[in-house]
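Heads up, the thing below is written out as structure tokens.
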Amino acid sequence: MGFRKKNKSPAVLSHEFVIQNHADMVSCVAMVILLGLMFEVTAKFAIMFITVQYNVTQSLDEKAEPVNLYQYGPKDLATVFFYLLIAVILHALIQEYILDKMNRRLHLSKTKHSKFNESGQLAAFYLISFIWGCSILTAEEFATNPTFLWEGYPHTHMVFQVKFFYICQMAYWLHALPELYFQKVRKEDIPRQLYYICLYVFHITGAYVLNLHRLGLVLLVPHSLVELLFHASRLFYFSDENKQKGFTLWALLFVIARLVTLTLSVLTFGFGLPRAENQGFSLAEGNFNVLTIRMTCLAAICLTQAWMMWKFINFQLKKWREHSQSQASKVKAISPKSKPHKKDPARGGSVNGVLKSDDKTSPRARKAL
């Protein structure tokens, strides 16, 4: 009886070693940053990674208590890097303890396995983004006063929740770039994922840097709801292919979300900001309210929405063709077979169930003779 060969562990710092242990390696880096808080020499550097920077205390009224507001600056890059590490760790935890266990039960193919993991991670992220964004918007009273999108621009000051929301958004989408390597994403799926990752980073960072965080937050909330519904519907579809009703609701909300995005963008850049009091360009004041920047932002949003609608239409046409082909195949399978032709009596066959034969050697023929 031969001994079983044990699987050799990959060489240290090889590709397989990094992929298998990337969560532990990232955890060690995050732990080193946290340990830096324990020593006075390194605390001022470690706190720059962990806490939100650029705190500004401002008094709105003479009698009211001062409010802590925040601005943005270059130190935010360190904060984004730290929460990027946290996003990698959370990604690995969700993958190992939730998605991998579900995949073992479903027994999916390699293609569906990859899409299931992608939808599982994004559904969790969009759920948190939607709930978090709604909680922030309820305090801003946007439903009763939509003009807060451009009133008082430039909006250089943010409350803690708004700034931390944007830092987490940028950290998550930046962490998705190395995850393409860590999760061994198939080569044919990399361009598609790179497109939407870069679009998210570009738009969210642009809204943050140009002090358009109010508009960006309002546009992200309905978008997160639509994407949450899509990925949740895809998860249900992979578990049971008959569960496709969620895609119908998603298609309706997708079109509505695109119209809302275009409407609010045109309203802000075309009518609101041109009539604002502060006009001009000033890096020191954070004012970017000039025609060139407004038109560039509006064009970027419109082109992105047009690209998303184009992908949506192609997706719907593909589903419609697949549905038509499946229906046609079912009709062919159900249709009755062609009836057999009556045999020619001259060749000796049956007509109306009566056996006839022209063979003279049969018993009946001999009696007749």
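Structure summary
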| read-out | value |
| --- | --- |
| Sparse-neighbourhood loop sites, trypsin sites (Lys or Arg not before Pro) in the range 232-271 - DSSP loop, at most 16 other Cβ within 10 angstrom | LYS243 |
| Centroid-to-centroid separation of the range 64-130 and the range 287-311 [C-alpha atoms, Å] | 27 Å |
| Protein accessible area in the chain, 1.4 Å probe - carbon and sulfur % | 65 percent |
| Across LYS184/LYS330; LYS163/LYS243; LYS75/LYS112; LYS184/LYS319; LYS110/LYS319; LYS115/LYS330, pairs whose alpha-carbon gap is larger than 32 Å | LYS184/LYS330; LYS163/LYS243; LYS75/LYS112 |
| Protein-only accessible surface order, largest first, of TYR237, TYR70, TYR181 at 1.4 Å | TYR181, TYR237, TYR70 |
| Area accessible to solvent at LEU35, 1.4 Å probe radius, in Å² | 80 Å² |
| For the range 41-133, alpha-carbon Rg and Dmax in angstrom | 20.1, 65 |
| Rg and Dmax [Cα atoms of the chain; Å; Rg one decimal, Dmax integer] | 32.3, 133 |
| Sparse-neighbour loop sites [trypsin sites (Lys or Arg not before Pro); the range 25-85; at most 10 other C-beta within 10 Å; DSSP] | LYS63 |
| Nearest-10 value in Å² for the accessible area of TRP307, using the 1.4 Å probe | 90 Å² |
| Part-to-part distance (alpha-carbon centres) for the range 186-227 and the range 25-54, which is given in Å | 28 Å |
| Cα-based helix-to-principal-axis angle, 40-50 vs the chain, degrees rounded to 10 | 50 degrees |
| Gaussian network model of the chain, springs between alpha carbon atoms under 10 Å - residue of GLN169, GLN325, GLN279 with greatest fluctuation | GLN325 |
| Choice from ALA284, ALA30, ALA171 showing the highest fluctuation, given a GNM over the chain with Cα pairs closer than 10 Å | ALA284 |
| Heavy atoms of ILE131 accessible to a 1.4 Å probe, total area in Å² rounded to 10 | 100 Å² |
| Computed FRET value (nearest 0.05) for VAL260 with SER135, which takes r as the C-beta separation and R₀ as 22 Å | 0.65 |
| Built amide H within the under 5 Å cut-off of VAL56, gap 5+ | LEU69, TYR70, GLN71 |
| Given the chain, longest segment not containing exposed loop GluC sites (Glu not before Pro) (DSSP; at most 16 other Cβ within 10 Å) | 286-369 |
| At R0 = 35 Å, FRET efficiency that the Cβ-Cβ distance of VAL29 and THR296 yields, to 0.05 | 0.40 |
| Accessible area (Å², per residue) of the range 145-297, counting only protein heavy atoms and a probe of 1.4 Å | 48 Å² |
| Pairwise label distance in nanometres, SER282 with HIS323, each label 7 Å out on the Cα-Cβ vector | 5.6 nm |
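The values are calculated or read from the model by the stated rules, or taken from the named source; none is laboratory data. These numbers were taken from a predicted model, which means no experiment stands behind them. Methodologically, a virtual Cβ is constructed for each residue, glycine included, from the backbone with ideal geometry; neighbour enumeration extends over all protein chains shown. The area values use the complete protein model at the heavy-atom level, side chains included, leaving out ligands, DNA and RNA. Shrake-Rupley method; radii C 1.70, N 1.55, O 1.52, S 1.80 Å.
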